[in-house]
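**Q** Dropping the structure in here first, questions after.
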Amino acid sequence: MDSFATFFHQPWVYWGLVTIYGVTILSVVGVVLSENRNPVKSLAWVTVLLIVPVVGLVLYIFFGRNIKNKRLVTKRARRKTRSPKVPQGKAPHEVLQPETLQVVKLGNTLVGAQCYPGNDAKIFTSGAEKFDALKHDMLEAKRSIHLQYYILEDDKIGREVAEILKQKAREGLDVRVIYDHVGCIGVKNRFFREMRDAGVDVHPFMKVAFRSFATRVNWRNHRKLVIIDDRIGYIGGMNIADRYISGLRPGEVWRDTHMRITGPAVGALQSTFALDWVFMGQPAPVTIPSDEPEITGSASMQMIASGPNSQWSNVAMMMLKAIGSAKKRVYLQTPYFLPTESLLKALEAAALAKVDVRIMMPRRSDSVMLRYSSYSYISECLRAGIKVYLYEPGMLHSKSLLIDDEISTIGSTNFDFRSFEHNFEGNMMVYSRKFGERMAEIFLKDQGECSRVYLAQWKRRPVTQKAVESFMRLFSPIL
């Protein structure tokens, strides 16, 4: 033991280890620079590696690797999971503005997303309302239930949902479940094993084992989808957990947005689920409808899926195009506001052009780091004329965007780097003036429970808070 300690006290050993470590850090910095990423993100990683090299190296191994443009699912599998086409003349639809049609074309170019006319949707703003509807629809299911969530907790609502899934599987329905392994890392295996024993086909997305920890922990499937009998779909920001009903803290609400869809666009939700199912190495579901989907309304919808392997940041590109087309208003709700440089400039440019730009985020977030990082962007937004509102009753977890009168989107995508770059996300674009009116009503109702932030007041916040915000902002591209 003494000889071992003496060996490491030798000067040449010490300096040799320092040199090896220094070369390792510089090599990683070189790799970061050679990837030609967004300069802001590259600078953030270089800063972390140089300021806190030990921690920075570990963080880069786990969270810094890039899989953009890598094909994780074959073209043949994609063809098998493609949603059915709907004859455009068969469904009623609203006449869309040229700017809206440009957004539609972008979605088609990015991911081949068809725009489906003839849909209807109900918006939920409370967890209790959404879960009551979901449980009712699952109990009424006759053929299949395909359910996918980032978080599926073993708590009261989680067990209620699981019992319905098990009941339906015993009845002989095709019941499939995808949960994110990182999102459910604290859920005991028994919870999922009991579902499997009852006949539910349940799998973790990108299971993180010891040997694959560093390669998988950063890429999370953040989507929240349910498809029932290929005719009812759910998409939005709510996971399955009690806090989405009762709130994070006593006396506080959890304000979120989800929607129930009927019509041809449900096929696009099913296609997204099927693609993730195939990604996990499972055979493609055979329940994708081949007949002409049911027409239920007049709203046009387009499903935009995005992931770390996409050539483009699909949802971010759609939002960028939509914001750039705004002439009247931009209403954004997000739990975390850590925009890319291009999206921040798009919002500022819209506000400077006298578009009514409003951003709503929570006063008290479920993440201290993300709260302060989000706060660091408020001053420059206010200087550009953007109206900023802080939601007071509790956690605002809603992920929604309204542009003018007929472009809306609801889904799982936060307005932050992680959602745009690292997560597998899904958002439904809705092109409808009637739907837009409902979105505006909801936003303005929530606004009544917010405090508006004014620049003069915001400048007077404590110096210590400003310092924390500035420090946390350095990490925003990699949070």
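**Q** Any idea which of Lys142, Lys105 is within 23 Å of the chain's Cα centre (by Cα), within 25 Å of Pro293 (Cα to Cα), modelled with pLDDT of 95 or more and open to solvent by 10 Å² or more (accessible area, probe 1.4 Å)?
**A** The unique qualifying residue is Lys105.
For (1) open to solvent by less than 20 Å² (accessible area, probe 1.4 Å); (2) more than 21 Å from Gly112 (Cβ to Cβ); (3) assigned to a helix (DSSP H, G or I), each residue gets a yes or a no:
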{"site": "Leu248", "(1), (2), (3)": "no, yes, no"}
{"site": "Gly281", "(1), (2), (3)": "no, yes, no"}
{"site": "Pro285", "(1), (2), (3)": "yes, no, no"}
{"site": "Ser300", "(1), (2), (3)": "yes, no, no"}
{"site": "Tyr331", "(1), (2), (3)": "yes, yes, no"}
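**Q** Out of the residues in the stretch 158-184 meeting the condition of being of a type in the set (Lys, Arg) and not in a strand (DSSP E or B), tell me which one is farthest from the chain's Cα centre (by Cα). Full working, then the answer.
**A** Initial filter on the stretch 158-184 (of a type in the set (Lys, Arg)): 159, 166, 168, 170, 176.
Among the residues that remain, those that are also not in a strand (DSSP E or B) are: 159, 166, 168, 170.
On the way: Arg159: 24, Lys166: 28, Lys168: 29, Arg170: 32 Å.
Once the filter is applied, the top-ranked residue is Arg170.
**Q** Sticking with this one: What number of residues within the stretch 450-479 satisfy the criterion of being more than 21 Å from Phe415 (Cα to Cα), in contact with a helix residue (DSSP H, G or I) (Cβ under 8 Å, 6 or more places away or on another chain) and assigned to a helix (DSSP H, G or I)?
**A** Pass one, the stretch 450-479, residues more than 21 Å from Phe415 (Cα to Cα): 454-467.
Now restrict to residues that are in contact with a helix residue (DSSP H, G or I) (Cβ under 8 Å, 6 or more places away or on another chain): 454-455, 458-459, 465.
Checking which are assigned to a helix (DSSP H, G or I) leaves us with 455, 458-459, 465.
Within the stretch 450-479, residues that are more than 21 Å from Phe415 (Cα to Cα), in contact with a helix residue (DSSP H, G or I) (Cβ under 8 Å, 6 or more places away or on another chain) and assigned to a helix (DSSP H, G or I) number 4.
**Q** Regarding Lys459, is this residue of a type in the set (Lys, Arg) and surrounded by 24 or more Cβ atoms within 10 Å (Cβ to Cβ)?
**A** Values: of a type in the set (Lys, Arg): yes; surrounded by 24 or more Cβ atoms within 10 Å (Cβ to Cβ): no.
Judged against the criteria, Lys459 is not a match.
**Q** While we're looking at this one, here's another question. Which of the following residues is surrounded by 18 or more Cβ atoms within 10 Å (Cβ to Cβ), touching a Ser or Thr at 6+ places or on another chain (Cβ under 9 Å) and either touching a residue at least 24 places away in the same chain (Cβ under 8 Å) or at positive phi (or both): Gly118, Gly158, Gly183? Quick ask: steps written out before the conclusion?
**A** Values: Gly158 fails: touching a Ser or Thr at 6+ places or on another chain (Cβ under 9 Å); Gly183 fails: touching a Ser or Thr at 6+ places or on another chain (Cβ under 9 Å).
The conditions single out Gly118.
**Q** For Phe205, which of the numbered conditions (1) modelled with pLDDT under 95; (2) crowded, with 23+ Cβ neighbours inside 10 Å; (3) more than 19 Å from Ser306 (Cα to Cα) fails to hold?
**A** (3)
**Q** Quick one: how many residues across the stretch 365-384 are within 23 Å of the chain's Cα centre (by Cα) and without any contact (Cβ under 8 Å) to a residue 60 or more places away in the chain?
**A** Pass one, the stretch 365-384, residues within 23 Å of the chain's Cα centre (by Cα): 365-378, 381.
Now drop any that are not without any contact (Cβ under 8 Å) to a residue 60 or more places away in the chain, which leaves 365, 367-368, 371, 374, 381.
Counting residues in the stretch 365-384 that are within 23 Å of the chain's Cα centre (by Cα) and without any contact (Cβ under 8 Å) to a residue 60 or more places away in the chain gives 6.
**Q** Give the residues of the stretch 303-321 that are surrounded by 24 or more Cβ atoms within 10 Å (Cβ to Cβ), among the polar types (S, T, N, Q) and part of a loop (DSSP other than H, G, I, E, B), sorted by residue number.
**A** Selection gives Ser313 alone.
**Q** Follow-up question, since we're still on this one. If you take the residues in the stretch 134-157 that are assigned to a loop (DSSP other than H, G, I, E, B) and not hydroxyl-bearing (Ser, Thr, Tyr), which one is farthest from Val175 (Cα to Cα)? Show your work before the answer.
**A** Residues of the stretch 134-157 that are assigned to a loop (DSSP other than H, G, I, E, B), as a first pass: 140-143, 150-151, 153-155.
Next, from what is left, pick out any that are not hydroxyl-bearing (Ser, Thr, Tyr): 140-143, 151, 153-155.
Values: Glu140: 13, Ala141: 10, Lys142: 11, Arg143: 9, Ile151: 18, Glu153: 18, Asp154: 18, Asp155: 20 Å.
Across the stretch 134-157, the extreme among qualifying residues is Asp155.
**Q** Out of Thr296, Thr272, Thr340, I need the residue that is surrounded by fewer than 24 Cβ atoms within 10 Å (Cβ to Cβ), within 25 Å of Ser144 (Cα to Cα) and polar (S, T, N, Q). Which one?
**A** Working: Thr272 fails: surrounded by fewer than 24 Cβ atoms within 10 Å (Cβ to Cβ); Thr340 fails: within 25 Å of Ser144 (Cα to Cα).
Thr296 is the lone residue from the list that is surrounded by fewer than 24 Cβ atoms within 10 Å (Cβ to Cβ), within 25 Å of Ser144 (Cα to Cα) and polar (S, T, N, Q).
The values are calculated or read from the model by the stated rules, or taken from the named source; none is laboratory data. None of these values were measured; they are calculated from a predicted model. For neighbour counting, all protein chains shown are included, and Cβ atoms are generated from backbone atoms with ideal geometry for every residue, glycine included. When the accessible area is computed, the model is the full protein with side chains, heavy atoms only, and any ligands, DNA or RNA have been set aside. Shrake-Rupley method; radii C 1.70, N 1.55, O 1.52, S 1.80 Å.
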